[in-house]
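Every number in this text was worked out from the coordinates using simple rules, so none of it is lab data. Keep in mind the model is a prediction, meaning the values are calculated, not measured. Neighbour counts are summed over all protein chains in view; Cβ atoms, including those assigned to glycine, are modelled from backbone coordinates with ideal geometry.
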2 protein chains.
Amino acid sequence: MQKNIKDAGHGAIAAEQEASQGLAAKMLRGDLFAEKCPSRDVLKHVTSRWGVLVLVALLGGTHRFSQLRRKINGISERMLAQTLQWLEADGFVLRKSYPVVPPHVEYSLTPSGTEVGLQVQGLADWIEGNLPSILAAQRRIDANAARGA
Amino acid sequence: MQKNIKDAGHGAIAAEQEASQGLAAKMLRGDLFAEKCPSRDVLKHVTSRWGVLVLVALLGGTHRFSQLRRKINGISERMLAQTLQWLEADGFVLRKSYPVVPPHVEYSLTPSGTEVGLQVQGLADWIEGNLPSILAAQRRIDANAARGA
DNA sequence: CAGAATCCGATTTGATACTG
DNA sequence: CAGTATCAAATCGGATTCTG
């Protein structure tokens, strides 16, 4: 493999698809299985450790920074800020800053953000709802593994 | 913060919920907003860098190790093995090993795995389908930021 | 309050080489 | 083919400190 993948900016999908499917410049959809497709970055932000939680939290409505921090138990200021910036840069989160004496900033989902939010909420809900059976399966499996797979 | 969070095993949800909602030992559902809830680990595996791709790939049917490796462009052997083990331990992936001369191993989704798979596929599809507009939004946003938000 | 900046340990990830 | 072992690099992520 070459080392110069650095130049593969956003035009990557086009190049990638052109190579694999012969499509022209007008790209219609991303391909997560393609190594250099920008969609991978978006997926990375959304599915980052805190991305899912932030999106689900914001589905509940506009929140302030410390509101989110309290709601998402265990997140640090650094990671919350970072995650919000990623999601904002992708156009999923809208940041509104009010120039008042004690700073006041509100975060909400854009229409686009609401759509991804709903997708990840589906996943989050499924996991929360099926946790008991997942834990049971985990126990069955490594009880089995312990005895020699 | 204490350092001994190590002891917080799987009983964490019960303790967590008991503390916040007064529930008894019989846990009915996980809570991703709770710091020590095991559901966070499951989410971590599923949304890990390659977890989503592996699940979506397996929705397409049974695959062998190297089939997956070829399909999921850019994944290393190490990470594919690791990811498959996580998903297997959570009961999402079924590993069948045939004791033949050139080793032959097949991976498929369990019923439970198919369900999570469909959830993540929803997300994956949305991202792939909306990539163009996401990229456009990204450009608008940092063009704006460049000029001074 | 809402962050930015810095320090630094813990994880993750990837090449590479080796094995049943 | 289907991995495991090992090492080095990159990144993640938290605690702390500082600012408007």
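Quick notes
- Environment charge at A:ILE75 (Cβ cut-off 12 Å; Lys +1, Arg +1, Asp -1, Glu -1): +4
- Relative contact order for the stretch A:42-95, counting Cα pairs under 8 Å that sit 6 or more residues apart, in percent: 39 percent
- Between copies, A:LYS96 shows label-point distances of 5.6 nm, shortest first, with the point placed 7 angstrom from Cα along Cα to C-beta.
- Per-copy distances of the A:GLN82 label point, shortest first, in nm (7 angstrom along Cα→Cβ): 1.7
- Remark: for residue pairs A:LYS36/A:LYS96; A:LYS44/B:LYS71; B:LYS36/B:LYS96; A:LYS71/A:LYS96; A:LYS36/B:LYS96; A:LYS44/B:LYS44, the C-alpha separation exceeds 21 Å in A:LYS36/A:LYS96; B:LYS36/B:LYS96; A:LYS36/B:LYS96.
- Dipole-positive endmost among B:PHE65, B:LEU53, B:LEU87 within the stretch B:26-120 (Cβ charges, Cα centre): B:PHE65
- Close amide H partners of B:LEU94, meaning residues 5 or more places away or on another chain with modelled amide H under 5 Å apart, are B:SER108, B:LEU109, B:THR110.
- The residues neighbouring B:HIS104, those whose beta-carbon lies less than 12 Å from its own, together hold a net charge of +2 under the Lys/Arg +1, Asp/Glu -1 convention.
- Shielding by other protein chains, A:35-42, mean Cβ within 10 Å: 5
- Residue by residue along B:43-54, Cβ atoms of other protein chains within 10 Å of the local Cβ number 4 on average.
- Axis-proximal residue, chain A, for the rotation superposing A on B (Cβ, Å): A:THR47, 2
- Neighbour net charge for A:HIS63 - beta-carbon separation under 10 angstrom, K R +1, D E -1: +3
- Estimated FRET transfer efficiency when R0 is 25 angstrom, pair B:GLN85-A:SER133 (beta carbons, to 0.05): 0.80
- Position A:SER108, label points 7 Å along Cα→Cβ, spacing to each other copy in nm (shortest first, one decimal): 4.9
- Note on the stretch A:35-92: Cα convex hull, mean projected area over all directions, 4.0 nm².
- Legend: mean number of C-beta atoms from other chains within 10 angstrom of residue C-beta atoms, peptide A:135-143, equals 4.
- The stretch A:53-67 and the stretch A:112-149 have Cα centres spaced 23 Å apart.
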